[in-house]
1. Considering (1) more than 13 Å from the chain's Cα centre (by Cα); (2) farther than 24 Å from residue 238 by Cβ, say which one residue 293 fails and leave the rest.
2. Got at least one residue in segment 347-361 being in a helix (DSSP H, G or I), in contact with a helix residue (DSSP H, G or I) (Cβ under 6 Å, 6 or more places away or on another chain), over 15 Å from residue 30 (Cβ atoms) and of a type in the set (S, T, N, Q)?
3. Does any residue of segment 124-143 turn out to be under 30 Å from residue 313 (Cβ atoms) and assigned to a helix (DSSP H, G or I)?
4. Please find, among 250, 260, 229, the residue that is in contact with a Cys (Cβ under 7 Å, 6 or more places away or on another chain) and buried (at least 17 other Cβ atoms within 10 Å of the Cβ).
5. Is it the case, given these coordinates, that residue 195 is of a type in the set (Val, Ile, Thr), part of a helix (DSSP H, G or I) and in contact with an Asp or Glu (Cβ under 8 Å, 6 or more places away or on another chain)?
6. Going through 44, 84, 97 one at a time, which residue ends up being under 29 Å from residue 223 (Cβ atoms) and assigned to a helix (DSSP H, G or I)?
7. Working only within segment 263-286, note down all residues that are part of a helix (DSSP H, G or I), of a type outside the set (Gly, Ala, Ser) and surrounded by 14 or more Cβ atoms within 10 Å (Cβ to Cβ).
8. Can you name the condition, by its number, that residue 329 falls short on among (1) touching a Leu at 6+ places or on another chain (Cβ under 8 Å); (2) not in a helix (DSSP H, G or I)?
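The values are calculated or read from the model by the stated rules, or taken from the named source; none is laboratory data. Predicted model only: the values in this text are computed from it and were never measured. Cβ: placed from backbone, ideal geometry, glycine included. Neighbour counts: every protein chain shown.
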Amino acid sequence: MVGFATAIAVPSVCLERLGEEFELDLTARGLLGSLRMAALVAGLLCSGYFADRFGKRPFLAAGMICVAAGMAATAGAGGYVALLLAQALVGVGCGALEALLNPLIAELNPRTAARDLNVVNALFAVGLLVAAVLTGELLQAGVSWRVAFLIWPPLSVAAAVLLAGRGYPAAGQAQLPPADTAEALARYGFLRSPIFWTLMVAMFLGGGTEFGMTGWSANYVEEVLQVSTRSGGWTIAFYGLFMALGRLATGALVTRMPATRLMLFSALGCAVATGVLCGVQDLYTAWTMLAFGGLFIACFWPTLLAVASEHLEHSSALFALLAASGIAGCTVFSWLIGAVGDWAGLRVGMGLLPVAMVVQVGVMWWLGREVTGAQRRAGH
């Protein structure tokens with residue numbers, strides 16, 4: 001998870017430098033994140049499908065190798081096309097991790113999935129914090145952005161070696177693809193559930209908002225508030241720190257209150273924080289709002305997956321599809337914030353985030369109704 005986070009944090013902190021060196025406007029900068037996330041979706045869906053047949057081990061190890069190779073290739077990129085291809089390779093590797101790490105935790109810890117998924121995903125936020133601070137300090141000291149990318153591949157290679165040698169739950173029973181639509185629906189019965197489709201919408205909005213803050217916050221404060229690269233790095237660090245705290249807190253709170261209620265209040269809090277962020281005039285207020293944004297957005301990704309694990313048929317395909325929806329949100333929001341920023345200014349582009357969270361409030365209310373109804377039917 002820490003290695004995964006570095007692949008997101010380092011390009012975000014370096015985004016201003018990349019834009020300067022390769023002469024990129026905001027739309028082109030946003031496309032870097034969007035292409036990485038689009039490749040992530042492809043890697044996620046393929047890994048989730050084949051891991052049910054051949055096991056998670058080879059795909060997790062290969063995913064970490066792709067992350068390492070993509071980070072190294074980014075450091076050596078000589079032009080924008082090479083930069084895009086390198087980030088796409090990073091995305092493919094991250095896709096395998098996103099598809100398989102969360103269901104692995106849920107399979108190993110079925111009784112405490114909500115708590116454990118939040119704890120493990122908190123390490124993603126820890127990785128954001130460490131990578132953002134280190135990258136910001138390196139750039140502030142005059143070190144090339146290319147060096148910042150080269151620091152992390154050894155960590156990913158080490159993780160690949162460890163993942164290749166550990167024990168895993170047995171692979172899924174199905175060895176062949178479904179023969180027809182009826183068989184596919186029987187195997188993937190969750191496709192008929194309203195809860196699944198509500199979760200898909202929630203993952204899209206939650207993923208898009210989370211990545212909007214992760215991918216654009218450093219560039220936002222540097223460009224709009226005219227602060228240093230070091231300050232941009234610390235922006236993501238504060239965001240990552242409070243996201244980690246939010247996920248650890250969520251892991252404790254979900255045992256004491258309904259997950260859907262917790263996420264509804266979190267959506268309200270995130271809408272307020274990101275709304276204020278769009279109008280800030282000083283760095284310290286921006287840091288504060290992004291810290292609260294990280295705190296409130298933290299619960300969605302792991303907790304939505306935990307709700308799916310509790311109320312729907314368990315399979316890697318289920319987690320892969322939900323994660324694909326979240327990554328699709330990342331892809332769309334990354335590009336759209338940049339495109340709107342070129343058209344009307346980055347403040348307006350970041351305004352997409354509170355709008356998404358206002359919609360998320362309604363989605364969480366509806367999800368709570370669906371979950372309560374399913375529990376009543378199961379009780380009867």
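1. Residue 293 satisfies every listed condition except (2).
2. Within segment 347-361, one or more residues are in a helix (DSSP H, G or I), in contact with a helix residue (DSSP H, G or I) (Cβ under 6 Å, 6 or more places away or on another chain), over 15 Å from residue 30 (Cβ atoms) and of a type in the set (S, T, N, Q).
3. Filtering segment 124-143 down to residues under 30 Å from residue 313 (Cβ atoms) leaves 124-125.
Retained after the next criterion (residues that are assigned to a helix (DSSP H, G or I)): 124-125.
Yes - at least one qualifying residue is present in segment 124-143.
4. Details: 260 fails: in contact with a Cys (Cβ under 7 Å, 6 or more places away or on another chain); 229 fails: in contact with a Cys (Cβ under 7 Å, 6 or more places away or on another chain).
That would be 250, the only listed residue that is in contact with a Cys (Cβ under 7 Å, 6 or more places away or on another chain) and buried (at least 17 other Cβ atoms within 10 Å of the Cβ).
5. On the way: of a type in the set (Val, Ile, Thr): yes; part of a helix (DSSP H, G or I): yes; in contact with an Asp or Glu (Cβ under 8 Å, 6 or more places away or on another chain): yes.
Spelling it out, residue 195 is indeed of a type in the set (Val, Ile, Thr), part of a helix (DSSP H, G or I) and in contact with an Asp or Glu (Cβ under 8 Å, 6 or more places away or on another chain).
6. Values: 44 fails: under 29 Å from residue 223 (Cβ atoms); 97 fails: under 29 Å from residue 223 (Cβ atoms).
It is 84.
7. Applying the first criterion (part of a helix (DSSP H, G or I)) to segment 263-286 yields 263-277, 283-286.
Imposing the further condition that a residue be of a type outside the set (Gly, Ala, Ser) reduces the set to 263-265, 268, 270, 272, 274, 276-277, 283-285.
263, 264, 265, 268, 270, 272, 274, 276, 277, 283, 285 - these are the residues of segment 263-286 that are part of a helix (DSSP H, G or I), of a type outside the set (Gly, Ala, Ser) and surrounded by 14 or more Cβ atoms within 10 Å (Cβ to Cβ).
8. Tallying (1) touching a Leu at 6+ places or on another chain (Cβ under 8 Å); (2) not in a helix (DSSP H, G or I), residue 329 fails exactly one: (2).
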